[in-house]
Amino acid sequence: KKKKKKKKGGNNNSSQSRGGLREGSHTDAVMGLSWNNIHAQVLASGSADGTVKLWDVTQTTSDGKGGGNYVRPSTTLTHHTDKVQSLAWHPSEGTLLATGGYDRKICLVDARSAAAVAGNAKQDNVKKAKLLADCEAIAWDPHNPQYLTAASEDGVVQCWDVRKFGQEPVWSMVAHEYGGVSDICYNQNVPGMLITCSIDKTVALWDTTQNNTNSSSPTPSPQPCGSKEMNVGKLHSLSCYPSAPWILACGGSGNELAIWDMESEDAIQKRFASRVNGGESAGVPARSDGQEEPDFEAVMALGDSAATDKALEVMNKSKKKKGKKKGKAHKKK
């Protein structure tokens, strides 16, 4: 008897790959996500498959097989050579993306050059800085958006002025000696407040506007402002509440969330309270050149191989126009 041919499953169509994944999907775990502050419909994702994908969630594609519409990535970037752990869009330059991976590199790429990056094996359009250990988290300073901060598994936190990216960091410090730093964030309502967490189960606060130096370390670094054990196990993630200056939340290995209300902490209030009303708005900052952002898909279509350099040049021009009005965070007095 002739063997009957097995019928193909209904889910095995051209828009799906093994495991039922849609065409264009990451092929391994998604390790980081970042929504774009300027283009609210744009999402960036980093994966253990070593790629970064940009998604416009308003742009859907039909699978052509009756399976409905789905979102495909606008582009896929392969500038990392290992797992991509963290990524963050710039708070005001809507096309500039920072990424960090287990290849021990922090990278800057502009969406306007995404097509050129994706097709360029030499990665000439990507700005890079080296770490001494795997990257665990990155964050932009919302009050001084020229500063990009990265944390690594060896407990070191470093900050770069991206206008001089690739050179020595502005400052470097060991934030948590045991277990490394698992996440970092800036308080967008309180200028100068940097927060770190670790698998040592603690959250630590730092003041980036009060830099200090000593004879053994000529590099300025933020001042510690206290720490707190959150009692939810090893900490993996933290975030400040955007609508209130004194509330932060963190998640730990105990499968619980912990919330810390810092309003009743006298030492924290003494150091930071005066900055809240006089600080910059917690909302989305305007572009540094004062212009409106164009449509994201139109920007992507430009294929501008020099876009990253142009974005950094805009920051340089913005600084020159402002002049020396007041001391900036991260700078020695």
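The table for this structure:
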| read-out | value |
| --- | --- |
| Peptides ranked, highest mean first, by Cβ atoms within 10 Å: ranges 178-184, 162-168, 147-153 | 147-153, 178-184, 162-168 |
| Sum of side-chain charges, Asp134 neighbourhood, beta-carbon under 13 Å (Lys, Arg +1; Asp, Glu -1) | -1 |
| Amide proton proximity set for Gly32, modelled H, under 5 Å, gap of 5+ | Gly46 |
| Tensor-based shape of segment 26-117 (alpha-carbon gyration tensor, a/c under 1.5 rounded, otherwise prolate or oblate) | oblate |
| Pairwise FRET efficiency - Ser264 versus Asp82, Cβ, R0 = 51 Å, nearest 0.05 | 0.75 |
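Only the coordinates and a few stated rules stand behind these numbers; no lab work does. Computed from a predicted model, the values in this text were never measured in an experiment. Heads up, the Cβs are rebuilt from the backbone with ideal geometry, glycines too, and the neighbour counts pull from every protein chain shown.
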